[in-house]
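To start, the structure itself, in structure tokens.
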Amino acid sequence: DTALLATLPITELRCGFAEIIKHTLIADKEMFEKLENNFHKALSLNKELMDELVVNSITIKAEIVSRDEKEEGERRKLNLGHTWGHAIEKITGIPHGEAVSIGLAFTAWLSEKRGLLKSREKERVIELLKNIGLPTSSDVSREAAIEALLRDKKREGNHLHFVMMDGIGKVKVDKITIEKMRECILGANH
């Protein structure tokens, strides 16, 4: 019942939009573009659009989970934005959706740096997050964020399973060494 959304504080709504944006980035370029072109309608909780966005998110998540119930591969895609986001969330205590938004912006930047996302696509991701009213960066020290990453559940030895954007509407799970991640983060102008 999307009418329930009207009872939520704006911060909670925006946090939910971070997850909706995440789902479009994982598997639905057309829905990303629809949200991008209609973010004002989404923020005003247009019933038709909200019904479509919620059903789309639930469908994407359910399809991924049903293909990988034990998170052995495919399901990792649902962690898009969460690796960096969880690090920021642990350090700052900001709401989960705001941290995911920062994680999505960081992932867009990293995906561009690794040649998977075009510069204009990165800008579109960040612009949509900002248009929804979500943060796209944090003043957390890079070293503190790296330390938080070292405690991430997706870490496997000296590697992280990091979900990268392979264009808008498609992702891939990359196994990145902690050292390579540290090198990218510390060498960044982000």
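Based on what the data block shows, is Leu5 surrounded by 14 or more Cβ atoms within 10 Å (Cβ to Cβ), over 14 Å from the mean Cα position of the chain (by Cα) and at positive phi?
Against the criterion (surrounded by 14 or more Cβ atoms within 10 Å (Cβ to Cβ), over 14 Å from the mean Cα position of the chain (by Cα) and at positive phi), Leu5 does not qualify.
For region 117-135, indicate whether the set of residues that are at pLDDT below 95 and open to solvent by 10 Å² or more (accessible area, probe 1.4 Å) is non-empty. Step through it out loud before you land on a result.
Looking only at region 117-135, we keep the residues that are at pLDDT below 95, and these are none.
Scanning region 117-135 turns up no residue that is at pLDDT below 95 and open to solvent by 10 Å² or more (accessible area, probe 1.4 Å).
Every residue in region 1-45 that is touching a residue at least 60 places away in the same chain (Cβ under 8 Å), within 21 Å of Ala62 (Cα to Cα) and among the β-branched types (Val, Ile, Thr), please.
Ile21, Thr24, Ile26
Among the residues of region 158-175, which ones are open to solvent by less than 20 Å² (accessible area, probe 1.4 Å), in a strand (DSSP E or B) and closer than 20 Å to Lys118 by Cα?
Phe162, Val163, Met164, Met165, Val171
Look through Glu74, Glu48 and report the one residue that is under 18 Å from Phe162 (Cβ atoms) and surrounded by fewer than 18 Cβ atoms within 10 Å (Cβ to Cβ).
One residue alone meets the criteria, Glu74.
Per-residue answers, yes or no, for (1) free of Cβ contacts under 8 Å to residues at least 40 places away in the same chain; (2) not hydroxyl-bearing (Ser, Thr, Tyr):
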| site | (1), (2) |
| --- | --- |
| Arg67 | yes, yes |
| His86 | no, yes |
| Thr92 | no, no |
| Ser101 | no, no |
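If you check Thr11 against the conditions, is it of a type in the set (Ser, Thr, Tyr) and open to solvent by 70 Å² or more (accessible area, probe 1.4 Å)?
Against the criterion (of a type in the set (Ser, Thr, Tyr) and open to solvent by 70 Å² or more (accessible area, probe 1.4 Å)), Thr11 does not qualify.
Which condition does Val125 not pass, out of (1) aliphatic (A, V, I, L, M); (2) outside any helix (DSSP H, G or I); (3) in contact with a helix residue (DSSP H, G or I) (Cβ under 8 Å, 6 or more places away or on another chain), if it passes all the others?
(2)
The values are calculated or read from the model by the stated rules, or taken from the named source; none is laboratory data. Computed from a prediction, not measured in an experiment: that's the story for all the values here. A quick note on method: Cβ atoms are made from the backbone with ideal geometry, for glycine too, and the neighbour counts reach across all protein chains shown. Ligands, DNA and RNA are stripped out before the accessible areas are found, and what is left, the full protein with its side chains, is counted by its heavy atoms. Shrake-Rupley method; radii C 1.70, N 1.55, O 1.52, S 1.80 Å.
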